[in-house]
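K.L.:
Sharing a structure here in structure tokens format.
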Amino acid sequence: WVLLTTSDETSKQRMSFTSSCSTNFHSDCLICPIMSKDTRKRAQEPSETGNASCSSPPPAKIRKRHEEDGASNNANQRILDFDYRYIVAPMVGASELPFRLLCRKYGAQLVYTPMMIASQFATSKEYREKEFQTTPFDRPLVCHFAANRPDDFAKAAKLAEPDCDAIDLNLGCPQRTAFVGHFGSYLLDAKDRELILSIVRAGVAA
């Protein structure tokens, strides 16, 4: 998998919410039933932005890389301070929003969406609404895409960016559908190396 962090502005901000779930309990609410008393208490504490904060740890911070050994370095290069231990990997048919929230309740610090098809995500609002549902409590979050065209991946990444903390390119799926669609692990042949690089570059540029 290739992981692309989202923009500095998005990554540096702690996710905030305005829902009254932080102070009240709603019996018909998706969030309230899985919020423990401790979670609700933390949710009411002011965040760095002055608003109520999400119960999950803040998104990993993006910082400038500083080389102390004097080696040359691109001033715009960024690395991810990755300090999450409990990560829920992407699972087709399992990693939808309710499951992600349940995992967070029991300690997950970073979760992935199921695999989404970048070409459909980029062009179909109906597909996005069906396949990608989230809430302010669902952070930090990695959006996981299958793609074999740079433009599709870039457009999908741009659309998902406001609601996630990183974009992931699937290079591991071994299923028959990946073979037919030419994505996932079937992009790992040497002949597709330049294609992978162009997909990643397009995602970064977006």
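The values are calculated or read from the model by the stated rules, or taken from the named source; none is laboratory data. From a predicted model like this one, the values you see are computed outputs, not experimental measurements. Counting neighbours? That spans all protein chains shown, and the Cβs are built from the backbone with ideal geometry, glycine included. SASA here: full protein model, heavy atoms, side chains in, ligands and nucleic acids out. Shrake-Rupley method; radii C 1.70, N 1.55, O 1.52, S 1.80 Å.
K.L.:
Could you check the stretch 132-161 and list, in sequence order, the residues that are assigned to a helix (DSSP H, G or I), open to solvent by 40 Å² or more (accessible area, probe 1.4 Å) and in contact with a helix residue (DSSP H, G or I) (Cβ under 7 Å, 6 or more places away or on another chain)?
P.N.:
Asp151, Lys155, Leu159
K.L.:
Please specify each residue of the stretch 117-143 satisfying the condition of being small (Gly, Ala, Ser) and in contact (Cβ under 8 Å) with a residue 12 or more places away in the chain. It would help to see each step written out before you state the result.
P.N.:
Of the stretch 117-143, the ones small (Gly, Ala, Ser) are 118-119, 122, 124.
Hits for the stretch 117-143 are Ala118, Ser119, Ala122.
K.L.:
Within the set of pairs 6+ apart or on separate chains, which have a first residue in the stretch 103-116 that is under 30 Å from Gly181 (Cβ atoms), a second that is acidic (Asp, Glu) and in a helix (DSSP H, G or I), and C-beta atoms under 6 Å apart?
P.N.:
Met116/Glu131
K.L.:
When you scan the stretch 162-189, how many residues do you find that are under 27 Å from Tyr86 (Cα atoms), in a helix (DSSP H, G or I) and open to solvent by less than 20 Å² (accessible area, probe 1.4 Å)?
P.N.:
Residues flagged as under 27 Å from Tyr86 (Cα atoms), in a helix (DSSP H, G or I) and open to solvent by less than 20 Å² (accessible area, probe 1.4 Å) within the stretch 162-189 amount to 1.
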